[in-house]
1. Quick one: which of 159, 178 is assigned to a helix (DSSP H, G or I) and in contact with a strand residue (DSSP E or B) (Cβ under 8 Å, 6 or more places away or on another chain)?
2. Tell me the residue from 103, 116 that is in the same structural domain as residue 53 (by TED's automatic domain parsing) and within 12 Å of the ligand (Cβ to nearest atom), please.
3. Consider residue 29 against the criteria (1) within 19 Å of residue 202 (Cβ to Cβ); (2) near the ligand (Cβ under 9 Å from one of its atoms); (3) in contact with a strand residue (DSSP E or B) (Cβ under 6 Å, 6 or more places away or on another chain): it satisfies all of them except one. Which criterion is unmet?
4. I'd like the full set of residues that are more than 14 Å from residue 125 (Cα to Cα) and assigned to a helix (DSSP H, G or I), limited to the stretch 57-103.
5. Run down 185, 146 and say which single residue is on the phi < 0 side of the Ramachandran plot and in a loop (DSSP other than H, G, I, E, B).
6. Kindly check whether there is at least one residue in the stretch 123-131 that is assigned by TED's automatic domain parsing to the domain that holds residue 29, closer than 19 Å to residue 71 by Cα and over 15 Å from the mean Cα position of the chain (by Cα).
7. Would you mind telling me which numbered condition in (1) in contact with a helix residue (DSSP H, G or I) (Cβ under 7 Å, 6 or more places away or on another chain); (2) assigned to a helix (DSSP H, G or I) residue 274 fails?
8. With the structure loaded, tell me whether residue 41 is more than 20 Å from residue 123 (Cα to Cα), within 14 Å of the ligand (Cβ to nearest atom) and in contact with a strand residue (DSSP E or B) (Cβ under 7 Å, 6 or more places away or on another chain) or whether it fails that test.
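The values are calculated or read from the model by the stated rules, or taken from the named source; none is laboratory data. On a predicted model such as this, the values are computed, not experimentally measured, just so you know. Here the Cβ is made from the backbone with ideal geometry for all residues, glycine too, and neighbour counts use every protein chain on show.
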Ligand code: SAM
């Protein structure tokens, strides 16, 4: 029997109606209905027989279906229990395991160890837009043993993740991403490829995870505290942002900035990751 074309809107409507499924706006449920886009996401993920894929939010299963065909194993984490019945009708693949859980609460390091022994693990997803940032921050902060992340996100979010220094999109999350990965926007996607249609356009962004962080610092927590403090009030100069938020004297911050060869009157958005690294190290040296 031919495989069901899950990306077909007609097939999707029929199956979802059969199970009485109702789209949840609050769970960010916009399902892909374009086979070309699904193919392109899988292509960007560069999957083969050694790949293990962790998918966040399989939804109806359009992307999951192709991932199961291309990768050795797929583990998908879906928060919406009401999709369990639908999946019985759409996703019968021996190399697929679906966990009905909130991804933000999953111990992903353990999951990777338990499920993907020796495989080259990649995260591939069309992310629920209401929690894109917490999901990406969780992935970066928990330091999974993965080689790549390929995710569909809101276009504006992709631009922030991939921003250049000095632009209005550049911020704390850009630097968190740069610290661990090389990013590249693989394509932008119109809202017409989803059911129901979201209000905004989307983009697929790929992160190649670096073997070790891009810069070496004395204390990673201080680096991220410095970055967050510098962007928490974008109009503040770096000296004011840091002394207010880190609760350290202006004298100490000034000394640290001068030693790091940074103008204390500059704003955070003008500083590169390397410069934040130098500031962080100079602060640590003065408080330890
Ligand atoms: N992958 C499907 C596709 O491309 O058609 C669905 C993508 S849809 C944008 C996002 C999916 O994430 C939905 O199925 C939604 O129920 C699920 N989701 C929302 N919050 C979640 C969470 N905290 N953990 C896991 N899945 C979640």
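1. Only one candidate passes the filter, namely 159.
2. Being in the same structural domain as residue 53 (by TED's automatic domain parsing) and within 12 Å of the ligand (Cβ to nearest atom) holds for just one of 103, 116, which is 103.
3. (3)
4. 69, 70, 83, 84, 85, 86, 87, 88, 89, 90
5. When all the criteria are applied, what remains is 146.
6. The answer is no; no qualifying residue exists.
7. It is condition (1) that residue 274 fails.
8. No; evaluated as a whole, the condition is false for this residue.
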